[in-house]
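Shown next, in structure tokens, is the structure this report addresses.
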Amino acid sequence: QVQLVESGGGLVQPGGSLRLSCAASGRWFSINAMGWYRQAPGNQRELVATITSGGSTYYADSVKGRFTISRDNAKNTVYLQMNSLKPEDTAVYYCNAEVKVRLWEPPSDYWGQGTQVTVSS
């Protein structure tokens with residue numbers, strides 16, 4: 001089984017910063033892309049940022065220049081540094097990983113339990 005555990009959410013004032021972490025544990029052949037999604041009340045879950053095993057990144061337009069995704073492959077951990085936070089960034093943030101558990105099987109998506117980020121004065 002593969003488990004993803006997020007940490008680092010909380011309450012922050014507009015303009016502030018937070019750093020989210022997501023650690024993967026379990027047994028697998030390889031972890032491909034890892035990423036962060038978010039879901040605000042009444043909205044669909046949306047992609048925030050992704051990073052491949054080789055370090056290539058993608059960001060949603062709404063967070064470009066403010067958020068930075070990074071990854072420590074030795075620790076099986078992905079991070080999301082969030083700067084210049086805005087009230088509209090308020091959401092539950094979910095970690096995602098595309099994991100090939102066995103060599104002969106296609107990769108599957110795994111999700112963390114989510115961590116709340118609230119941006120408010």
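Could you give the length gained by full extension between THR118 and GLN13, i.e. 0.36 nm per residue of separation minus their alpha carbon distance, to one decimal place?
37.0 nm
Hey, got a sec? Which trypsin sites (Lys or Arg not before Pro) in segment 1-90 land in a DSSP loop and have at most 11 other Cβ atoms within 10 Å?
Those satisfying the criteria are ARG27, LYS64, LYS75.
Which of ALA74, ASN43, VAL63 sits closest to the plus end of the dipole of the chain, meaning its Cα is farthest towards the positive end, when Lys and Arg get +1 and Asp and Glu get -1 on the C-beta?
Among ALA74, ASN43, VAL63, the one farthest towards the positive end of the dipole of the chain is ALA74.
At ARG66 and SER84, where each label point lies 7 Å from the Cα along Cα→Cβ, what is the point-to-point distance in nanometres?
Taking the two extended label points, one gets 0.8 nm.
May I ask for the distance between the Cα centers of segment 1-70 and segment 85-100, given as a whole number of Å?
About 5 Å separates the Cα centre of segment 1-70 from the one of segment 85-100.
Let's see if you can work this out: charge +1 on each Lys and Arg Cβ, -1 on each Asp and Glu Cβ, no other charges. What is the dipole magnitude of segment 8-76 about its Cα centre, in debye to the nearest 20?
120
Mind putting a number on the dipole of the chain about its Cα centre? Charges go on the C-beta only, +1 for Lys and Arg and -1 for Asp and Glu, and I need it in Debye to the nearest 20.
Computed about the Cα centre, the dipole is about 220 debye.
For the chain, what does the relative contact order come out to in percent, with C-alpha contacts under 8 Å and a separation of six or more?
Once normalised by length, the contact order is 36 percent.
Would you mind working out the accessible area per residue for the chain, using a 1.4 Å probe, and quoting it in Å²?
That works out to 54 Å² per residue.
For q = 0.14, 0.18, 0.22, 0.25 Å⁻¹, what log10 I(q)/I(0) does segment 41-84 give under the Debye formula with an equal point scatterer on each alpha carbon and no solvent?
-0.37, -0.58, -0.79, -0.92
Keeping the other protein chains in place, figure out the carbon and sulfur percent of the accessible area of segment 24-66, with a 1.4 Å probe.
Of all accessible area on segment 24-66, carbon and sulfur atoms account for 46 percent.
Scan segment 29-121 for chymotrypsin sites (Phe, Trp or Tyr not before Pro) in coil per DSSP, keeping those whose Cβ has at most 16 other Cβ atoms within 10 Å, and list them by number.
Qualifying residues, ordered by number: PHE29, TRP104.
On full extension of the chain, what length is gained from ASN32 through TRP111, given 0.36 nm per residue of separation minus the C-alpha to C-alpha distance?
27.1 nm
The values are calculated or read from the model by the stated rules, or taken from the named source; none is laboratory data. These numbers were taken from a predicted model, which means no experiment stands behind them. For neighbour counting, all protein chains shown are included, and Cβ atoms are generated from backbone atoms with ideal geometry for every residue, glycine included. All accessible areas refer to the heavy atoms of the entire protein, side chains included, with ligands and DNA or RNA removed. Shrake-Rupley method; radii C 1.70, N 1.55, O 1.52, S 1.80 Å.
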